[in-house]
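J.: Mind having a look at this structure? Questions to follow.
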Amino acid sequence: GQFKGEIKVDGADLVVNGKKVRFYQERDPANIPWAETGAYYIVESTGVFTTTEKASAHLKGGAKKVVISAPSADAPMFVMGVNNETYKSDINILSNASCTTNCLAPLAKVIHDKYTIVEGLMTTVHSYTATQKTVDGPSAKDWRGGRTAAANIIPSSTGAAKAVGKVIPDLNGKLTGMAFRVPTANVSVVDLTARIEKGASYEEIKQ
């Protein structure tokens, strides 16, 4: 519904219910004076600055730590409840992986810790994302990606299975999977089928 509070603009500040929120319009994160605003912990959620080198631009503006809200090619990756205890305070730039990895990794960890996963296949039924088309058009990645997001179920690749191997090294190379991009704006689900080393009943796994 409609926000019932008061919002206004005061110079370079957005004022929400009397509280000032500084905002900037910069292409280069290095130009944002994070230290001046007292913002030391930065969430990099543009989807553009996902490598350690690119995300480090925030540090030049005075940030102390950067959390990338997407998979990263080289930044250490952490998922809460899976490998967050391995985090060390000298790590200044890290990745929180993807939404699909955050769903899959805890599930895989629970099963693997007790029953040992030999191999597995995951499928995610995933809401459409910002990279998809609003109308049919050309797609550089693959022809399926050119179909209208809000009117089709589109088979797609996902890096979630591979990413699980980064946060749970024992599962590296043991999981694979695919995605179905569906015409919903929100809510996704992951299905995991796994071959396990130790026998278990459905009731045992639920516990």
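J.: Determine which single condition residue 90 fails, assuming it passes every other condition in (1) outside the structural domain of residue 190 (by TED's automatic domain parsing); (2) within 16 Å of residue 179 (Cα to Cα); (3) not basic (Lys, Arg).
T.: All conditions are met except number (2).
J.: Would you mention how many residues in the range 89-107 are free of Cβ contacts under 8 Å to residues at least 60 places away in the same chain, surrounded by fewer than 24 Cβ atoms within 10 Å (Cβ to Cβ) and not aliphatic (A, V, I, L, M)?
T.: 6
J.: Got at least one residue in the range 38-53 being within 19 Å of residue 91 (Cα to Cα) and touching a residue at least 40 places away in the same chain (Cβ under 8 Å)? If you could, list the steps in order and put the result at the bottom.
T.: Step one: of the range 38-53, the residues within 19 Å of residue 91 (Cα to Cα) are 39-45, 49-53.
In the following step, the residues that additionally are touching a residue at least 40 places away in the same chain (Cβ under 8 Å) were identified as 50, 52.
Yes, there is a match, as at least one residue in the range 38-53 is within 19 Å of residue 91 (Cα to Cα) and touching a residue at least 40 places away in the same chain (Cβ under 8 Å).
J.: Would you check if there is a residue in the range 28-37 being under 19 Å from the mean Cα position of the chain (by Cα) and not assigned by TED's automatic domain parsing to the domain that holds residue 190?
T.: Narrowing the range 28-37 to residues under 19 Å from the mean Cα position of the chain (by Cα): none.
So far as the range 28-37 goes, no, none of its residues is under 19 Å from the mean Cα position of the chain (by Cα) and not assigned by TED's automatic domain parsing to the domain that holds residue 190.
J.: Which of (1) more than 26 Å from residue 43 (Cα to Cα); (2) in contact with a Pro (Cβ under 6 Å, 6 or more places away or on another chain) does residue 163 not meet, given it meets every other one?
T.: Failed condition: (1).
Residues are listed down the side, and each one gets a yes or a no for (1) touching a Ser or Thr at 6+ places or on another chain (Cβ under 7 Å); (2) in the same structural domain as residue 163 (by TED's automatic domain parsing); (3) of a type in the set (Asp, Glu):
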site	(1), (2), (3)
119	no, yes, yes
122	no, yes, no
127	yes, yes, no
132	no, yes, no
138	no, yes, no
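J.: (1) touching a helix residue (DSSP H, G or I) at 6+ places or on another chain (Cβ under 9 Å); (2) in a strand (DSSP E or B); (3) at pLDDT below 95: which one isn't true of residue 24, the others all being true?
T.: Only one criterion in (1) touching a helix residue (DSSP H, G or I) at 6+ places or on another chain (Cβ under 9 Å); (2) in a strand (DSSP E or B); (3) at pLDDT below 95 is unmet by residue 24, namely (2).
J.: Identify, from the list 194, 179, the residue that is touching a His at 6+ places or on another chain (Cβ under 7 Å) and outside any helix (DSSP H, G or I).
T.: Working: 194 fails: touching a His at 6+ places or on another chain (Cβ under 7 Å).
Among 194, 179, only 179 is touching a His at 6+ places or on another chain (Cβ under 7 Å) and outside any helix (DSSP H, G or I).
The values are calculated or read from the model by the stated rules, or taken from the named source; none is laboratory data. Keep in mind it's a predicted model, so treat the numbers as computed, not measured. Don't worry about glycine lacking a Cβ; one is built from the backbone with ideal geometry, like all the others, and counts go over all protein chains shown.
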